[in-house]
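Student: Got a structure for you, questions after.
What follows draws every value from the coordinates through simple rules; no lab data is involved. Note that this is a predicted model, so its numbers are computed, not measured. Here Cβ is always computed from backbone atoms with ideal geometry, including for glycine, and neighbour counts include all displayed protein chains.
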Amino acid sequence: MNKRILIITVFLSNVVFATLTPLPPTQSSLKNSTINSLSNMATLNLYNRGLDKAVAKKKISDSLRGDENSNDLMMQNILNQLDVLSREDLVKFVSDAALHSRDVDLSSYGTLLCMVQKNSKTTLDKTVLEKLQKIALENQNIRSL
């Protein structure tokens, strides 16, 4: 009897704790996250516009400041807080800047201001400017991590 209780207890604890433990990332989810990175999307944008893939990748890596992970986090921060910008707008801005050999620092207030001015038809009122300043400060914190 005690042996049965012990077996049932061990079985149930394995079932409960197995469902609570997080699963390791699969190869396909890792592949999807690298495909959807800002640098890869901007490289693909330049490639679709006629640049050689290696040249496009070099231009993007020379233009974007910071590492790929921090740029992706900063991009998500921008997209989550700004309704006037879409992912396509951000990728187009980075691609255009790289095409013209301009630096893109997503933690810079000036870069964010330029991005919003170029891609949105809204007026820049005080609330939008304050939001841009807040995003720039948060992105600077992300960059310093």
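Student: Excluding L145 itself, calculate the net charge of residues whose Cβ lies under 13 Å from the Cβ of L145, where each Lys or Arg counts +1 and each Asp or Glu counts -1.
Tutor: Neighbour charge sum, excluding L145 itself: -2.
Student: Taking the simple approach of a point 7 Å from Cα along Cα-to-Cβ for both V84 and L137, what is their distance in nm?
Tutor: 2.0 nm
Student: Once Lys and Arg get +1 and Asp and Glu get -1 on their Cβ, which of A136, I60, N71 lies farthest toward the positive end of the dipole of segment 37-144?
Tutor: I60
Student: For segment 37-144, with the dipole built from +1 on Lys and Arg beta-carbon atoms and -1 on Asp and Glu ones, taken about the Cα centre, which of T122, M41, L51 lies farthest toward the positive end?
Tutor: Positive-most Cα among the choices belongs to L51.
Student: Scan around L64 for amide H atoms under 5 Å from its own, H built in the peptide plane at 1.01 Å from N, and keep only partners 5 or more places away or cross-chain.
Tutor: Long-range HN contacts for L64: V104.
Student: With θ set to phi - 60°, apply the Karplus curve 6.51 cos²θ - 1.76 cosθ + 1.60 along segment 54-71 and write out the HN-Hα couplings as whole Hz, x wherever there is a Gly or Pro.
Tutor: Rounded to whole hertz, the list is 5, 5, 4, 5, 5, 4, 5, 5, 6, 7, 6, 8, x, 7, 4, 5, 5, 5.
Student: Taking a cut-off of 18 Å, what percent of all Cα-Cα pairs in segment 37-144 are separated by more than that?
Tutor: Counting pairs separated by more than 18 Å, the tail of P(r) holds 44 percent.
Student: In what order do I5, I60 fall by count of nearby beta-carbon atoms within 10 Å, going from fewest to most?
Tutor: Ascending number of Cβ neighbours within 10 Å: I5, I60.
Student: To continue, here is another question. Within segment 127-145, list the residues whose amide N lies under 14 Å from a label point set 7 Å along Cα→Cβ of L113.
Tutor: The answer is 127-137.
Student: Right, something else. Using the Cα centre as the reference, give the magnitude of the dipole from point charges on the C-beta atoms of segment 37-144 (Lys, Arg: +1; Asp, Glu: -1; all else neutral), rounded to the nearest 20 debye.
Tutor: Magnitude of the dipole: close to 240 debye.
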